[in-house]
Amino acid sequence: TGKIGVLTGGGDCPGLNAAIRAVVRSGIAHGYEVIGIRNGWQGLIANDIFPLSDHLVSGIISWGGTILGTSRTDPVKNPDDIAALKRALDEQGIGALVVIGGNGTLSAAKEVAEKGVHLVGIPKTIDNDVFGTDVTIGFDTAVAIVTEAIDRLHTTAESHHRIMILEVMGRRSGRLALAAGMAGGADQILVPEIQVLMNEVCSSLEARSRVGKKFSIVVVAEGTRHEDIAGTVVPACDRDECGHEKFVGIGNFLGKELERRLSIETRVTVLGHVQRGGSPTAHDRILATRLGIAAVEQIHTGSFGCMVGMQEGRIVQVPLESVAGRSQGVDPKVYEEAMNVAGITEHK
Ligand code: F6P
């Protein structure tokens, strides 16, 4: 028997505990001791670990967050950190790691694996932007949360005849904004991958007014660039009363611009970390459970340096070299589909 360590790195999301539970349960079933590492790479560097047991993971499948804690510590930034984490693994007799993370954590995992550490990655992020898997743990839950937010904005938008802007997470990818925007029936969806100019946004919202629809819902991914929408470089900073630079998020920028150009009352909601909280959906629990089991099986067969993912409904193994440093964006076809049924269809 050997020891398997498990860590969660980067931003948390619903479904991490379901994955940890599956790793522990299937690890034990394969005859391993499973060791929890606190707060991602940070805990491994600091040797901050504790044994996990069947009992400790009982009932956690429905919990949000991660019982292990997480951090954005990147061991690749400091060679001493890699040496420290290798020392910790040796001292503890941990022969292999399950690394549950998004693009940052999995890119670091690739480097750590190249330094001789046996590990297998599991993809998680509400952004769903990890290359090599159709879907990541946490995405389905976040889509459900954002869709519910859009539904709720709809009723108040309609009552007040307002434009409601919803800024959704996603620094580099608009996949969450697109999926939820489509599910919530948003009238306009703005994402970092596809340029839509303010004039086009305005004319699509004006077309709605012309046919008597006095409200609109605009979903925008936080990573959408101001200049892409405005069509010219605009400063992302305002000044507060004391003259200090004040970052203006894309949602607020868009709100001001639309109100100014269309003279329709506009309100902005920045949904923030609500999108990452709470209990995972059934889909995320199942995905996390299956990927947790697959990661342990991968370790058991002695094939390391890969990520387990899901492609076309099947579990796949993808080498970390092809995952690291890449990201997955919005499918232009799906974007087009969403926009085809959004707003108002005018006879050609
Ligand atoms: O990568 C996941 C994510 O939720 C992004 O969508 C978001 O931009 C970022 O993390 C927020 O990070 P933090 O919780 O560290 O502020």
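Every number here is computed from the coordinates shown, using simple stated rules; none is lab data. All values reported here derive from a predicted model rather than from experimental measurement. Backbone-built Cβ (ideal geometry, glycine too); neighbour counts: all protein chains shown.
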For the chain, what is the calculated [θ] at 222 nm in deg cm²/dmol (nearest 500), taking -39500 (n - 2.57) for each run of four or more DSSP H residues and dividing by its residue count?
-12500 deg cm²/dmol
Nearest 10 degrees, 0 to 90: helix 139-160 Cα axis against the chain principal axis
20 degrees
Is the shape of the stretch 34-94 rounded, prolate or oblate, going by the alpha carbon gyration tensor and its root eigenvalues a ≥ b ≥ c, with a/c under 1.5 for rounded and a/b larger than b/c for prolate?
oblate
Under 20 Å by backbone N from the virtual spin label 7 Å along Cα-to-Cβ at GLU158, the residues of the stretch 205-225 are 205-219
Grab the Cα-Cα distance for ARG210 and GLU312, subtract it from 0.36 nm times how many residues apart they are, and report the gain in nm with one decimal.
32.5 nm
Here FRET efficiency (C-beta to C-beta, ARG225 to SER263, R₀ 25 Å, nearest 0.05) is 0.50
Listed residues LEU320, LEU271, LEU106, most fluctuating in the chain (Gaussian network, C-alpha, under 10 Å)
LEU271
Compute the Cα gyration tensor for the stretch 178-221, then decide on rounded, prolate or oblate, letting a ≥ b ≥ c be the square roots of its eigenvalues: rounded whenever a/c is under 1.5, prolate when a/b is larger than b/c in the other cases, and oblate in all that remain.
oblate
With +1 on each Lys and Arg Cβ and -1 on each Asp and Glu Cβ, and nothing else charged, work out how big the dipole of the chain is about its Cα centre, in Debye to the nearest 20.
320 debye
Relative to the longest principal Cα axis of the chain, at what angle does helix 250-262 sit, 0 to 90 degrees, rounded to 10?
10 degrees
How tilted is helix 103-114 with respect to the longest principal axis of the chain? Cα atoms for both, answer in degrees (0 to 90, nearest 10).
30 degrees
For the chain, which longest stretch is free of loop sites, where a loop site is one of the GluC sites (Glu not before Pro) that DSSP puts outside H, G, I, E and B and that has at most 10 other Cβ atoms within 10 Å?
1-240
